[in-house]
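Worksheet: one structure, shown below.
The values are calculated or read from the model by the stated rules, or taken from the named source; none is laboratory data. Since we're looking at a predicted model, the values are computed, not measured. Counting neighbours? That spans all protein chains shown, and the Cβs are built from the backbone with ideal geometry, glycine included. In case anyone asks, the SASA skips ligands and DNA or RNA and just uses the protein heavy atoms, side chains included. Shrake-Rupley method; radii C 1.70, N 1.55, O 1.52, S 1.80 Å.
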Amino acid sequence: MDIKEAKFVLANTPPFNKLSEEEINAFLAICELRKFNHGEIVYKDQDPPDYFYFLLRGRIVVLKEQSEIEILKRGTSFGIISLFNEEPHSVTTKSIEESFVLKADKEKFKDFLNKNPLISLEYYRLLSQRIRARSGKKKIFQSRRIAVFGSHLSGKTTYMLNLGVKLKEETNKSAVCIEFGLSDSFGLNIFAKNGAILNLDVFKEETLSSYISKGSLQDNKTAVDCLTIKINDTIKLPSLLNFLSENYHFIIYEMPDKFFDNNLYEIASPADYFHFLMLPEAKDVSRVSSVMLALSERDPLASDRVKIILSYFAVKERLPVNEIKETLHANIYATLPAYGKEYFNAVKRVSKEVGEVVVGLALGSGGAYGFAHIGVLRILEKNHIPVDIICGSSIGSVIASLWALGVSPDEIERLMIEFAKKLNLFSIWGFSFPFKGLWRAKYLENILKKIFKDKTFYDLKHPLKIVVFDFATKEARALEEGPLYKAVAASCALPGIFEPINFKDKVLLDGGVLNPLPTKILLNYGADKIIAVNVTPSQEEIVKEYNKKNKFHILDFIFGSIETMQRQFIAQAITVADCVIHPNFDTFRWLEFNKVEDFVKRGEAATLNKLEELKKITNA
C-alpha cells in the first residue's frame, strides 16, 4: 500500500470523509504509513501514548493479559483514550495478518484536531464509547448506546428487545435492554422473567446484578439481559450508563413519552444513536420534525445520529412515504413492517449496521461480462454467505437491482437471457437524431421497464445503491430513490451508445465511466466488509484478445477506450475490498450477449475458488 492508496481509503472513511482534499493532505503530512506483519506488536499494555493510530487495511487484535477483547476492522482509530488522558495504554494491540496503519505523533494530531473542530467533535464522541476499566480486568474495548424513542403504539419496547437479541446474534457480543418507567408497569416484563424493578434513586453498582433478568422473543439461546428502572421527575443517566459500559458492548434504552418530551436533550445526549420509531401519521411526523429541530439547536451534529424508522407495527392507515420525507426534510433510515418474518429481517439489517458487521457486495460494469454476477450470487446464496447491501454499476446495476428485489439467481438468469436477446436486436428505428448516442434513451428504458415494471426503491428486500455518472457535475453518484427501471437505465447508458437519461432534472450516464467497481460507495454507506466482483478484463486479457481479432467496429473502439480509462479506478477500488472475485473470461468478448449461461458459469467458478476466503471474512 502506498500513500496514494492510503489517501483513497482515508477520504472515504468517517470521519475523515468530511474533510476537503487539502485537509486530508495536511493530515497525511503528519502521518507515517507503517506495515505490520502477522504477529507484530503495534503497542503494548503500559506503553506511553506517543501516537494516534488509524487502521487502513488488515486486522488488529486488542488483548488484555493475552485475552482477546476485540478485533479491529479497517477504518478504526485506536490509541485514543491514552492519547487524550496522557495515561499509558491499558491494552496490547497486535497485527494478526499483514496490516497497514497510519501513525501520527500525538502532539501533531492534537494540533490537527484544533484546526478541524468538526473532526475534533467526532473524536471526543468516539472517546465516550471507548472503555477504560476503573478496577479489575478490562473486558470491553468499545460500548455503544442506542436510545429508542416513539409513542406507545409504535412498538418501541418490542423493537428494543428484538434489536438487543439480533445484536447479540450477529456480533456475538453482550447487550442489555433498559426500560425506564414512571410507574410499576413495564412492557419489558412481558418478555423478561423474574425481573425486579430498580429504583434509580437508590442505585448502587454492587447490587445491580440482582435486578438483571433475561428477555427473549424466541428462545433462551437468544436471551439478552434486561433492566426495568423506575424514575421520578429527574434522571441521572451518566453514572448508570458508564457503569454498564464496562460490562456491555451495546446498551439500548427507552423512556416513557411524557418524560421524554420534558427531558429531550438530557436523554439524547449520552446516546450514540437515536432510533426514533415514527408512525406514518401526520401527528407523529410533526412530532419527529420538532424533535430533530430541538436537538439540532443544541447539537449541530445530532441529526447525523438520528435514525428515523417508519413503524407499521400496529397501524393500517398511512401517509405516503414521499409526503413524509418532504415534511421531515430527512431520509427514512428503515421501515418496520407488521410483526412477522419481514419485521425480523428489518431489525436484523439495523442490528448489523449498529454492530458494524455489514457485508457489502459491489457488482462492476463490463458489458456481457456482467452476466457472471449471476453466478456469483448463486454461489453466495448456496453457501449462505451474507450480503447486507448491494451496489451495482452499469450491467452490475441490472443484476443488483433484481437481486435486491428478492428475485432468485435462477430467475435473474432467465430474465437476462430475454434481456440479452433484445440488446442483440437493436435496429435503425432506435437510432437517435441528432446524435447524442447511437440509440434513443427510450429504447433502453422500455426494455428495462418490462423487467422492473413499476417497482421503486421502496419495494426492495435488500438495501441497494445504483451508480450513475452525473454529466453536469462530472461526478459519480449513487441513486437510492425513484423508479428502478429509470435508475438502472441511467447506470447502463454507455456514452456514445445510448442517449443520456433525464432523471429528476439531471442528465445521467453509465455509472462505469467513473466508478466501474463501486466499492467506494459501499464504504461511504457503512459496509464493514466488502466483496468486489470485477468483471472488467485485465490489461493482459485485453491484449491477448486484441491479438486474436482481425476486424473491429465502432462499439469495440468505444468500449475498449472506456475499459482503458477505467483500469485506474478499478485498481483504487480493489484497495478497499476485503475479497475480490475476478472471473476468467478467456475466449469471451464483452459484446457476446448470446452467451449468458457461459458467463454465469465463469462467475460460479470464480466464486467457488474464493469460497473459503469469503467464509472467513463474513464469519459464515
Practice problem: Quote the relative contact order of the chain in percent (integer), defining contacts as alpha-carbon pairs under 8 Å separated by 6+ residues. | Solution: 11
Practice problem: For the stretch 22-80, with all protein chains present and a 1.4 Å probe, just round the carbon and sulfur fraction of the accessible area to a whole percent. | Solution: 41
Quiz prompt | Relative packing of 600-607, 388-395, 125-132, which averages over residues the other C-beta atoms within 10 Å, highest first | solution = 388-395, 600-607, 125-132
Exercise. Can you figure out the FRET efficiency of Asn584 with Arg132, using R₀ = 30 Å and their beta-carbon distance, to the nearest 0.05?
Key: 0.05
Quiz item: Rounded to the nearest 0.05, what FRET efficiency do Leu200 and Ala605 have when you use their Cβ-Cβ distance and R0 = 56 Å?
Solution: 0.40
Self-check item: the stretch 1-153: relative contact order in percent, alpha carbon pairs under 8 Å with at least 6 residues between
Solution: 26
Practice problem: Calculate, for Ala338 and Arg34, the FRET efficiency according to 1/(1 + (r/R0)^6) with r their C-beta to C-beta distance and R0 60 Å; round to the nearest 0.05. | Solution: 0.70
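Take each of the peptides 79-86, 252-259, average the number of other beta-carbon atoms within 10 Å over its residues, and list them starting from the highest.
Top to bottom by mean Cβ count within 10 Å: 252-259, 79-86.
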Quiz prompt | Cα long-axis angle, helix 554-575 against the chain (0 to 90 degrees, to the nearest 10) | solution = 20
Quiz item: How long is the chain along each principal axis, judged by its Cα atoms, biggest number first, in Å?
Solution: 85, 59, 44
Quiz item: Share of the stretch 235-373's accessible area from carbon and sulfur, percent, 1.4 Å?
Solution: 50
Quiz item: Using a 1.4 angstrom probe and counting only protein chains, how large is the accessible area of Arg145 in Å², to 10?
Solution: 20
Quiz prompt | Accessible area in the full protein assembly, largest first, 1.4 Å probe, for Arg305, Arg567 | solution = Arg567, Arg305
Quiz item: So what's the angle, to the nearest 10 degrees on a 0 to 90 scale, between helix 539-548 and the longest Cα principal axis of the chain?
Solution: 20
Quiz item: Per-residue ellipticity at 222 nm for the chain, helices alone: DSSP H runs ≥ 4 residues times -39500 (n - 2.57), over residue total, nearest 500 deg cm²/dmol?
Solution: -11500 deg cm²/dmol
Self-check item: Gyration tensor verdict on the stretch 305-389 (Cα atoms; rounded if a/c is under 1.5, prolate if a/b is larger than b/c, oblate otherwise)
Solution: prolate
Quiz item: Say each of Ile71 and Ala330 gets a label point 7 Å from the Cα, pointing the same way as Cα to Cβ; how far apart are those two points in nm?
Solution: 3.5
Quiz prompt | Point-to-point label distance, Glu22-Lys421, nm (Cα→Cβ direction, 7 Å offset) | solution = 5.9
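Is the shape of the stretch 1-95 rounded, prolate or oblate, going by the alpha carbon gyration tensor and its root eigenvalues a ≥ b ≥ c, with a/c under 1.5 for rounded and a/b larger than b/c for prolate? If you can, show how the numbers build up before the last one.
Details: a/c = 2.14, a/b = 1.60, b/c = 1.33.
Prolate.
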Quiz prompt | Accessible-area ranking of His384, His582, largest first, probe 1.4 Å | solution = His384, His582
Quiz item: How far apart, in nm, are the 7 Å Cα→Cβ label points at Ser210 and Asn619?
Solution: 3.5
Quiz item: Using a 1.4 angstrom probe and counting only protein chains, how large is the accessible area of Leu28 in Å², to 10?
Solution: 20
Quiz prompt | Solvent-accessible area per residue for the chain (1.4 angstrom probe, square angstrom) | solution = 44
Quiz item: If you count, for each residue, the other Cβ atoms within 10 Å and average over each peptide, how do 89-97, 511-519 line up from highest to lowest?
Solution: 511-519, 89-97
Quiz item: If you take the charge dipole of the stretch 144-297 about its Cα centre, with +1 on Lys and Arg Cβ and -1 on Asp and Glu Cβ, which of Ala196, Val165, Leu227 is farthest toward its positive end?
Solution: Val165
Quiz item: What is the stretch 240-380 by shape, rounded, prolate or oblate, if you read a ≥ b ≥ c off the alpha carbon gyration tensor as root eigenvalues and call it rounded for a/c under 1.5, prolate for a/b larger than b/c, and oblate otherwise?
Solution: prolate
Self-check item: the stretch 155-268 - percent relative contact order, Cα under 8 Å, separation 6 or more
Solution: 36
